[in-house]
Amino acid sequence: MKTLEQLRFQYGDELPCMEIEDKPAYAYRSFHIDTARHFFSIDVLKAMADTAASFKLNQFHWHFSDDQGWRIESAAFPRLHEIGAKRQGDHFGTYSSDEIAHDYYTREEVRELVAYCAERHIEIVPEIDLPGHVTAILAAYPELSCTEKPQQVRTSAGIFPEILCPGKERSFEFLFALLDDLCELFPGKYFHIGGDETPKIRWNACPHCRRRMQEEGLADTRQLQGYLTNRVAAHLRKHGKRVICWNEAALGENLDPDIIVQIWNDDPKDPSLKALSRQKDENGKPTSPNQGIGAKLIRQGHDLIISNMRGSYCDYPYAYIKTAMVHDEPIRLQNCEDIQKEAEEHTLGVEALIWTEYIRDRETLEKMAWPRFAAKADRAWSGDDAGDYTDFAKRMKVLFSYLQQKAPNAAAPSGWMPGPFRAMREMLSFVKNVSVKQRKSYADAQDAV
Ligand code: ACM
Ligand code: ZN
């Protein structure tokens, strides 16, 4: 239907005679929006989903919980939306405001969005990021951390040390009841439980966590994260869900193989590995423990979703994550030459993402997403038959006013691949947001993951 809709846009009511052979190369074609760092109304999310459906994306990965906000009305734990959804200001990057913001989606709105997406063949994949990126949850329920110290919903970007304590049984009781409640709202097949960027500083010092590791025969805190992830996944399995987590959750090498892993930083060309990492490989080159993790996971039997930062993170300026990079990024893993067939079978698909630390309004959200989300969709639908970026750009230009009807703020063709002056302007305004202090905090946190 979407192919016909696009053709009708191009040709009007009389289509030329043609034969269409059309099926998706990848089953999982996803877009991600973070509504924790900044809140977007249900109407904005509906518009994004409607446009996504036009380009045959079929999963909406909804990141609604992070250090800077919990965003869904909770029947099980009302303090989540009463306290976790309230923030005493906005100090991301160079922006600064002390205005209090209290934003969350009512259960009714969530149901409405689930139904709206379902009508467009999009399934919502809810994500509770855990055990890290949970300051908003801990602001509401501080007893769930190792230190149990009071927390404030964070007002700026970063990776923070207070995370959920898997040593205490009450953390699991909380998570299970929370997930039971959320499963009522989200009927889909998948559930994402995060797992990225979890510094283990508190776990190392926590008597409960240390006892848990000893009792469960866990070698280190990475394995403790695997234990936590496996237990939560087992609970979700009772609801019939397939569980997804970010690639760091696999670092302990004890993850149940039926957990799907979403790869975001297994990319040898990623300059942020150099910029942020203090770890070196045997040749003295900057490296990350996540390097090559995808190939390892395939060998262990995991299914994967590929969304490496440099081909998928559409909140970065077009000058940095160029539309061609999003389109042409191969859906393949490094170091899989000898297991090509397995790698193909275990690759469910891809995702294009928007994080919203520095995105506050609908105009910017749309401009950053479109057409890069459509570029990812083109690759996900057509696989290697998608041609290269030049081919995509030609087709996208024909459909540009179709895109604009749905996303009026989509980037104009002149912005898809910025020239040097525009690129410099975009990059300067972006790097202003990321202070030296923040880069150091990321590096410290990466070292402790
Ligand atoms: C991530 O970008 N931290 C998944
Ligand atoms: Zn603990």
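Would a scan of segment 53-76 turn up a residue that is more than 24 Å from the chain's Cα centre (by Cα), in contact (Cβ under 8 Å) with a residue 40 or more places away in the chain and part of a loop (DSSP other than H, G, I, E, B)?
yes
In this structure, does Gly383 turn out to be more than 19 Å from the chain's Cα centre (by Cα), at pLDDT below 95 and under 24 Å from Phe60 (Cβ atoms)?
For Gly383, the condition - more than 19 Å from the chain's Cα centre (by Cα), at pLDDT below 95 and under 24 Å from Phe60 (Cβ atoms) - is met.
I'd like to know if segment 94-114 contains one or more residues that are in contact with a Lys or Arg (Cβ under 7 Å, 6 or more places away or on another chain), β-branched (Val, Ile, Thr) and free of Cβ contacts under 8 Å to residues at least 24 places away in the same chain.
Yes, segment 94-114 contains at least one residue that is in contact with a Lys or Arg (Cβ under 7 Å, 6 or more places away or on another chain), β-branched (Val, Ile, Thr) and free of Cβ contacts under 8 Å to residues at least 24 places away in the same chain.
Could you tell me whether segment 2-17 includes any residue that is under 28 Å from Gly194 (Cα atoms) and of a type in the set (Ser, Thr, Tyr)?
No, because not a single residue in segment 2-17 is under 28 Å from Gly194 (Cα atoms) and of a type in the set (Ser, Thr, Tyr).
Tell me, which residue of segment 244-281 that is in contact (Cβ under 8 Å) with a residue 40 or more places away in the chain and in a helix (DSSP H, G or I) is farthest from Gln438 (Cα to Cα)?
Ala250
All but one of (1) within 19 Å of the chain's Cα centre (by Cα); (2) away from ligand 1 (no atom under 16 Å from the Cβ); (3) under 22 Å from Trp70 (Cβ atoms) hold for Lys189, so report the exception by its number.
All conditions pass for Lys189, except number (3).
Looking only at segment 350-401, which residues are in a helix (DSSP H, G or I), charged (D, E, K, R) and more than 30 Å from Gly158 (Cβ to Cβ)?
Matches in segment 350-401: Asp378, Arg379, Asp384, Asp385, Asp391, Lys394, Arg395, Lys397.
Applying the selection to segment 182-205, what residues are over 18 Å from Pro289 (Cα atoms) and in contact with a strand residue (DSSP E or B) (Cβ under 9 Å, 6 or more places away or on another chain)?
Correct list: Leu182, Cys183, Leu185, Phe186, Pro187, Gly188, Lys189, Tyr190, Phe191, His192, Ile193, Arg202.
Could you look through segment 269-284, keep only residues that are exposed (fewer than 13 other Cβ atoms within 10 Å of the Cβ) and either of a type outside the set (Gly, Ala, Ser) or within 16 Å of ligand 2 (Cβ to nearest atom) (or both), and pick out the one that is nearest to Asn335 (Cα to Cα)?
Checked segment 269-284; the qualifying residue nearest to Asn335 (Cα to Cα) is Lys269.
Can you pull out the residues in segment 158-186 that are assigned to a loop (DSSP other than H, G, I, E, B) and among the basic types (Lys, Arg)?
Lys168
Suppose the filter is more than 16 Å from ligand 1 (Cβ to nearest atom), among the hydrophobic types (A, V, I, L, M, F, W, C), more than 19 Å from Phe64 (Cβ to Cβ) and touching a strand residue (DSSP E or B) at 6+ places or on another chain (Cβ under 7 Å); does Cys165 pass it?
Considered against the rule, which asks whether it is more than 16 Å from ligand 1 (Cβ to nearest atom), among the hydrophobic types (A, V, I, L, M, F, W, C), more than 19 Å from Phe64 (Cβ to Cβ) and touching a strand residue (DSSP E or B) at 6+ places or on another chain (Cβ under 7 Å), Cys165 comes out as yes.
So which residues in segment 51-92 are among the aliphatic types (A, V, I, L, M) and closer than 18 Å to Arg107 by Cβ?
Matches in segment 51-92: Ile72, Ala75, Ala76, Leu80, Ile83, Ala85.
Thr155: part of a loop (DSSP other than H, G, I, E, B) and among the hydroxyl-bearing types (Ser, Thr, Tyr), yes or no?
yes
The values are calculated or read from the model by the stated rules, or taken from the named source; none is laboratory data. All values reported here derive from a predicted model rather than from experimental measurement. Note: ideal-geometry Cβ built from the backbone for every residue, glycine included; neighbour counts use all protein chains shown.
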